[in-house]
Amino acid sequence: MTHCDVVVLGAGASGLVCAAQCAKRGRRVVVVDHADRPGRKVRISGGGRCNVTNRRVRAEDYVCANRHFVKSALAQYPPERFLAFLAAHGVETVEADHGRLFCVPGAAAVVAALQREAEEAGVSWALGEPIREVSATANGFQVHCRTRAYVSRSLVVATGGPAWPRIGATDFGLRLAEQFGLRVFPARPGLVPLRASENLVAFCRDLTGISLPVRVIVEGARIPDGIEDALLITHRGISGPATLDASLYWRPGRHLIIDLLPERRIGEVLEQAPRREVHNALAAALPARLAELLCRYHGWSGQAGSLPKKQRLALERVVHGFAFLPSGTEGLDKAEATLGGVDTDGVSSKTMEAKAVPGLFFTGEVLDVTGRLGGYNLQWAWSSGFVAGQRA
């Protein structure tokens, strides 16, 4: 039985930051993970490019039952602090569209910097160690792994959520929270492709591979300006950044209202080519296959300038308000993040400590906090890990 001050369960983004911060305070820290090396999910994030954060992070960009919960952690450790950390380790970043910041050398450089920071602070590792049992003691916690056991004053649960199980993600942290009496919202897939309802499956199949910029409004969701990004049509439905973002707010039975041409009015497009066939006029502004299929599905034909008023209005409604009713999501297997998790009402927003269990902390994706696509979830990991590291 090894005695230490802090055991961090999970060597992911939030766990690595938290462990380093604890060790810098002179705490004896052990990081336990069933994977054989740290930062597994970080290494493959953004296709290996690692979208480390976002220049425009706001509390409104997170889905949480308590929409104020993220404010304290984001204020204590904003994007600028993580960017400064990377710069101190010689890791460059580049800004892309929508304020997204990517690591120039790639994701492995980010993990290497986090690991180096932790090791220089004195963090110990217990990697490749599946956790068998966790229990409370009179003075803290016991963690029994496959070959080792630890006793600690503080326990940090940074195990993530069950999304992306092919890289080893599980619901262990959620079950552990329930074991200690915390309320847990059921895990659901977030940042996930959406399947088409039966009447749109053939439509999507015919347009597989087409990508275009759109604006998406989710029925019943509070997104004032909608979601503006690229949409990708797949053989089963829709994907791409706009869809993944929309999936955070979508609920069964709700439509997505999609503006297929957000930067222009379709009326202007038709007026600029009055003598061209409608599908050819539309093809000047939309992907050709999409323009042709829309005309075929809705029976629009003839010269653009000669369209009857009724057809013209219908065309405008469809192009600027295409109603897409998903039949469901592609599930946790294809999800990049988990919706749901540990109810934040039972956790201090200033410290990440469980209110009813002193010494027990939760960070990152295991909490009921899910950010939009574009670096928001990694920023939440850095911020919540840092905050817990000041107290654990």
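Read the figures in this text as sums done on the coordinates, not as results from a lab. Note that the structure is a prediction, hence the values are computed from the model and not measured. Note that we place each Cβ from the backbone using ideal geometry, even for glycine, and neighbour counts take in every protein chain shown.
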Exercise. How far is it, in nm, from the label point at R264 to the one at R58 when both lie 7 Å from their Cα along the line to the Cβ?
Worked result: 2.9 nm
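Multiply the residue gap between S349 and D36 by 0.36 nm, knock off their C-alpha separation, and tell me the result in nm, one decimal place.
109.6 nm
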Problem set entry | Coil-residue trypsin sites (Lys or Arg not before Pro) of the stretch 275-371, DSSP, other Cβ within 10 Å capped at 14 | R275, K350, K355
For this session: Would you list the P(r) distribution for the chain, with all Cα-Cα distances sorted into 20 Å bins from 0 and each bin expressed as a whole %?
Result: 28, 48, 20, 5, 0
Problem set entry | the stretch 80-160: Cα Rg divided by the 2.2 N^0.38 Å rule of thumb | 1.49
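Taking 0.36 nm per intervening residue step and subtracting the Cα-Cα distance, what contour gain separates R67 from E119 on full extension? Each step should come with its number before you reach the end.
On the way: separation 52, 0.36 × 52 = 18.72 nm, distance 3.50 nm.
Full extension from R67 to E119 adds 15.2 nm.
Exactly which GluC sites (Glu not before Pro) in the stretch 1-101 are in a DSSP loop and have at most 14 other Cβ atoms within 10 Å? Kindly include the intermediate steps, with their values, before the conclusion.
Details: sites: E60, E80, E92, E95; in loops: E92.
In loop regions of the stretch 1-101 (DSSP not H, G, I, E or B), the sparsely surrounded GluC sites (Glu not before Pro) are E92.
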For this session: Please give every one of the lysines within straight-line cross-link reach of K71, meaning a C-alpha to C-alpha distance under 30 Å, and leave out same-chain neighbours fewer than 8 residues apart.
Result: K24, K41, K334, K350, K355
For this session: For the stretch 244-338, restrict the atom set to alpha-carbon positions and state the Rg and Dmax in Å.
Result: 16.1, 51
Exercise. Mind checking which aspartates and glutamates have their C-alpha under 15 Å from K310, skipping anything on the same chain fewer than 8 residues away?
Worked result: none
Problem set entry | Kirkwood hydrodynamic radius over Cα pairs of the stretch 1-60, then Stokes diffusion coefficient at 20 °C and 1.002 mPa s, in µm²/s | 162 µm²/s
For this session: Using the 4.7 Å Cβ rule, please list in number order the cysteines from the chain without any candidate partner.
Result: C4, C18, C22, C64, C145, C204, C295
